[in-house]
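The values are calculated or read from the model by the stated rules, or taken from the named source; none is laboratory data. Just so it is clear, the structure is predicted and the values come from calculations on it, not from any experiment. Please note: Cβ atoms are built from the backbone with ideal geometry, for glycine as well, and neighbour counts cover all protein chains shown. Note: areas computed on protein heavy atoms with side chains; ligands, DNA, RNA excluded. Shrake-Rupley method; radii C 1.70, N 1.55, O 1.52, S 1.80 Å.
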Amino acid sequence: MTTDTLTPARSRVGAPARAADARAAGSPTAPPPPLTHRAPALDGLRTLAILVVILYHLHVPQFEGGFIGVTVFFVLSGFLITTLLLGERRRTGRVRLGTFWGKRLLRLYPALLAFVVVGLLLWNWVGDYKGATFSAGEAAFIALTYTGNLFRAFWDTTQGVFAHTWSLSMEEQFYLVWPPVLVLLATLRTRRRWLLTGLGALVVGGSVTSWLSYRTPSGGATPDVYFSPVLGVVPLAVGCALALLLDDARVRVLAAGLAGTVATWLGFALLVGVLVWIDDDWTQHAWTFGVVLPATALVSALLIGGLVSVRSPVSAALAWTPVSWFGRRVSYSAYLWHPLVIALLGTFAIGVWGTIGLVAAVLVVSIGAAYAVEVPVERFRKRLEARSAVARATAAPAQGPVEP
């Protein structure tokens, strides 16, 4: 952008806009905005995040900090969605919220629906997983209406094998609220610094409120505050702030140099450090939710900002085709299906080899589900988009002036 507001530059043509962006940065070689091209390293980061979550649910030693994986996913969501919205506004001068929500629905809901149907069919075998407090129909309804985080946070309940859909609920609520807010602020020509200030206040306020509202859970249970939107918005807001920062050409110039390299290595090292440091009593401390989780979000943003700004050994490893393929194609499916596989087969997994076998079963089921549900839906969505593009192109001449 050529200004400090969210309003796109006057020039909508690619080369002049990029040149103006570069001049604003004081450099003729300002890097393009993030996600101008796909970032395979971010797909690889998804792979690491989902593996942390799966190994946490399998109670593998040194993976007690499963929240790290969820936090990374939240920061990625905030960053990716905001970057895509800013990019659309830059290219077209507007954001089609209906199209955005339609794409999100087609991307995420069919896979969730398939998972819930299978979970209902297997409820007699998996219904008591982690002490479900709802009937099968109630648990399914909560999962399909994206309200799991609210029920877990404010009514101290759980949905058994559907309980992990609380994080999907948090993201869907974010998709409903943040895009219209961003569009409104852009329409009002809100300055970037004020929006960043607001997001910063949201992060601090959410962190402090989470600390103050913490109540020690019984046994080894996870406290209700962990599932609360008050805490969940913190990593999402951090990701949004990162996207706004990198939308500024001056920041991109800085990040494309030594700062980006340092951010990559520092972010990666600190995430690994948190994973190694956290033990299984993390749920028993208020500072985990008021400090550690928000700090993990900031560290994740450091890593993500570095990965999209500079090439490094870390980004090269994460962009390696098998690693990035799994994150791009299978990570969502793996997140959905792994509790069901664990609930069905967990009692048969004894020792190290049992755990390895269970991980293998999760991978097989996840890949199968991805190609059975997500791939056909994605092809269908692309056909719809192609038809819509043809229809718009055909209708375009009719929008011009009518000849007398």
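Filtering region 353-384 down to residues that are free of Cβ contacts under 8 Å to residues at least 40 places away in the same chain and surrounded by 14 or more Cβ atoms within 10 Å (Cβ to Cβ), which residue is farthest from Arg96 (Cα to Cα)?
Step by step, filter region 353-384, then rank; the result is Gly354.
Tally the residues that are farther than 17 Å from Gln284 by Cβ and either more than 21 Å from the chain's Cα centre (by Cα) or not polar (S, T, N, Q) (or both), restricting the search to region 195-228.
14
Please go through (1) in a helix (DSSP H, G or I); (2) of a type in the set (A, V, I, L, M, F, W, C); (3) modelled with pLDDT under 95 for Phe115 and return the number of the only condition it doesn't satisfy.
So the condition that Phe115 fails would be (3).
Among what's in region 107-117 and is exposed (fewer than 15 other Cβ atoms within 10 Å of the Cβ) and touching a residue at least 12 places away in the same chain (Cβ under 8 Å), pick the residue that is nearest to the chain's Cα centre (by Cα).
Arg107
Take the residues in region 45-91 that are over 22 Å from Val362 (Cα atoms) and of a type in the set (Gly, Ala, Ser); name whichever of them is surrounded by the most Cβ atoms within 10 Å (Cβ to Cβ).
Applying the filter and picking the extreme gives Gly78.
Being open to solvent by 40 Å² or more (accessible area, probe 1.4 Å), among the small types (Gly, Ala, Ser) and touching a residue at least 60 places away in the same chain (Cβ under 8 Å) is the requirement here; does Ala301 meet it?
no
So Arg104 passes all but one of these: (1) without any contact (Cβ under 8 Å) to a residue 60 or more places away in the chain; (2) closer than 25 Å to Val377 by Cβ; (3) assigned to a helix (DSSP H, G or I). Which condition number does it fail?
Of the numbered conditions (1) without any contact (Cβ under 8 Å) to a residue 60 or more places away in the chain; (2) closer than 25 Å to Val377 by Cβ; (3) assigned to a helix (DSSP H, G or I), the odd one out for Arg104 is (1).
Could you tell me which residue of region 151-189 is farthest from Arg215 (Cα to Cα), considering only residues that are of a type in the set (Ser, Thr, Tyr) and not in a helix (DSSP H, G or I)?
Taking the candidates together, the pick is Thr158.
List pairs: first residue in region 241-270 and free of Cβ contacts under 8 Å to residues at least 60 places away in the same chain and farther than 21 Å from Arg91 by Cβ, second residue not polar (S, T, N, Q) and not in a helix (DSSP H, G or I) anywhere in the structure, Cβ distance under 6 angstrom, at least six positions apart or on different chains.
Going by the 6 Å Cβ cut-off, the qualifying pairs are Gly260/Val310; Thr261/Val310.
Let's see how each residue does on (1) modelled with pLDDT under 95; (2) within 30 Å of Pro33 (Cα to Cα); (3) among the aromatic types (Phe, Trp, Tyr):
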| position | (1), (2), (3) |
| --- | --- |
| His59 | yes, no, no |
| Thr82 | no, yes, no |
| Arg94 | yes, yes, no |
| Leu97 | yes, yes, no |
| Phe100 | yes, yes, yes |
| Leu121 | no, no, no |
| Asn124 | yes, no, no |
| Phe141 | no, no, yes |
| Gly160 | yes, no, no |
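Run Ser210 past the list (1) of a type outside the set (Phe, Trp, Tyr); (2) in contact (Cβ under 8 Å) with a residue 60 or more places away in the chain; (3) surrounded by fewer than 21 Cβ atoms within 10 Å (Cβ to Cβ) and report the number of the one that doesn't hold.
(3)
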